[in-house]
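Here the structure comes first, spelled out in structure tokens, and everything after it is commentary.
The values are calculated or read from the model by the stated rules, or taken from the named source; none is laboratory data. None of these values were measured; they are calculated from a predicted model. Methodologically, a virtual Cβ is constructed for each residue, glycine included, from the backbone with ideal geometry; neighbour enumeration extends over all protein chains shown. Note: accessible area is taken over every heavy atom of the protein model, side chains too, but ligands, DNA and RNA are not part of it. Shrake-Rupley method; radii C 1.70, N 1.55, O 1.52, S 1.80 Å.
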Amino acid sequence: MKLITSTEELASACARFATQPFVTVDTEFMRETTYYPKLCLIQIAAPDGSTALVDPLAPGIDLAPFFALMGDERVLKVFHSARQDLEIIWLLGGLLPQPFFDTQVAAMVCGYGDSVSYEQLVNDVAKAKIDKSSRFTDWSRRPLSDAQLSYALSDVTHLIKVYEALARELLSTDRGAWLDEEMAVLTSPDTYRADPEQAWRRLSSRMRKAREIAVLMEVAAWREREAQTRNVPRGRILKDEAVIDIATSAPRSVEALGRLRTIPAGFERSRTGADILAAVERGLSRDPAGVPTPERGRARSGGNGALVELLKVLLKAVCEDERVAPKIIATVDDLEAIAEDDAADVPVLHGWRRGLFGEKALALKAGRLALSAEGGRVVVRELP
């Protein structure tokens, strides 16, 4: 197994792949010590038997031919669980693959469960086994071993059979359109833009007061910018617990910052400590009326709890009958919204999801549908 280490070799390989109806793609990367993922290996395979292992760390190599292939609309790009692979392509190449197919999403539509592993999918569909011993090796070290290269290549060669089987099933069940929403999210640049001004949202579930949220917004944005600038994990700058601690206590002096249990000794007198105090002041100076409200899960009222549980059972029963993963149909928040409001603006009450499950959920709520147990299975019955 030869690694492609030059731009010329890569261009030649990508020219061959460009003649194929689809290619399967995977990447190996490291990001334990960096903010941005470090691309270490690219694997590509095609149905004519062509394969390529590309070394993006090779001196002088230009990945432009690879990115051109990713943007070639004549060739379908097939990934499994593509989110991180697509993030890398977006960050390094400034584009997202089109057209695109994610076998993990397709597997959910085809009834393989909410989060079927690639190994299980290969076992079930391709009737093969993957040697996982090289999965967690250091992909940035050179030379790569034969075992690493063999493992990496198997990821894309087995993916050919997985894709072909799932594509046939989607065609036979006419469910191709069900993937569109999920694929649209994965191929939207907004999915991969790490906006420092939005960093507070992932930590806001514990916040209740406008002042706390205002400080959280400034401190989280400062930490995100620092992590991006220095290309280190955000936790290396400041742990999540410390950001939350600072937001709730809003220290305004070196001494107050140093008294927080989540702040390392002496940290408060560093340049970083001064930056944190400045962020706190910016947060406190915000107009509370202009501070956004965190997005939280819908609070379940005591009167709807049992109904939500019934809707969960209905969802499970429908998904078992239709052989589709519940995750792609509705979330718990969706069910809680339906329990409260027949006209709730949630995805499950629109489009194909409404026909598959939403109408049944409303019928159950209105007493026009019943659930019973027969032969160890839940049966859904319409009432007269």
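Miscellaneous remarks
- Of the helices (runs of 4 or more DSSP H) lying entirely inside segment 1-119, those containing at least 2 residues that are closer than 25 Å to K132 by Cα and open to solvent by less than 30 Å² (accessible area, probe 1.4 Å) span 83-93, 103-109.
- Qualifying residue in segment 261-269 (condition: open to solvent by less than 50 Å² (accessible area, probe 1.4 Å), under 21 Å from E226 (Cα atoms), aliphatic (A, V, I, L, M) and at pLDDT below 95): yes
- Selection from segment 209-242 of residues that are of a type in the set (A, V, I, L, M), farther than 17 Å from R269 by Cα and free of Cβ contacts under 8 Å to residues at least 60 places away in the same chain: A220, A221
- Residue check, L307 in a helix (DSSP H, G or I), at pLDDT 95 or above and surrounded by 11 or more Cβ atoms within 10 Å (Cβ to Cβ): no
- The set of residues in segment 162-179 being surrounded by fewer than 13 Cβ atoms within 10 Å (Cβ to Cβ) and either more than 22 Å from the chain's Cα centre (by Cα) or under 10 Å from V105 (Cβ atoms) (or both) consists of R168, L171, S172, D174.
- In segment 335-384, the residues that are closer than 15 Å to N304 by Cβ, among the β-branched types (V, I, T) and in contact (Cβ under 8 Å) with a residue 40 or more places away in the chain: none
- Residues of segment 166-183 that are closer than 17 Å to Y112 by Cβ and either in contact with a helix residue (DSSP H, G or I) (Cβ under 6 Å, 6 or more places away or on another chain) or of a type in the set (D, E, K, R) (or both): L166, R168, E169, L170, R175, G176, W178, L179, E182.
- Screening the candidates T262, T248, T191, T229 for the property of being within 31 Å of the chain's Cα centre (by Cα) and in a loop (DSSP other than H, G, I, E, B) yields one hit, T262.
- Condition broken by A325, with the remaining ones in (1) aliphatic (A, V, I, L, M); (2) without any contact (Cβ under 8 Å) to a residue 60 or more places away in the chain; (3) in contact with a Gly (Cβ under 9 Å, 6 or more places away or on another chain) satisfied: (2)
- Residues of segment 45-64 that are without any contact (Cβ under 8 Å) to a residue 60 or more places away in the chain and in contact with an Asp or Glu (Cβ under 9 Å, 6 or more places away or on another chain): A52, V54, I61.
- The residues of segment 350-370 that are open to solvent by less than 50 Å² (accessible area, probe 1.4 Å) and outside any loop (DSSP other than H, G, I, E, B), listed by number, are R353, L356, F357, G358, A361, L362, A363, L364, L369, A370.
- Matching residues in segment 128-151 - criterion: being out of contact with any Phe, Trp or Tyr (no Cβ under 8 Å at 6 or more places or on another chain) and either without any contact (Cβ under 8 Å) to a residue 24 or more places away in the chain or open to solvent by 50 Å² or more (accessible area, probe 1.4 Å) (or both): K129, F136, T137, D138, R141, R142, P143, S145, D146, A147, S150, Y151
- Some residue of segment 326-349 being polar (S, T, N, Q) and surrounded by 13 or more Cβ atoms within 10 Å (Cβ to Cβ): yes
- Test: residue in segment 138-157 that is part of a helix (DSSP H, G or I), of a type in the set (S, T, Y) and under 16 Å from V105 (Cα atoms): no
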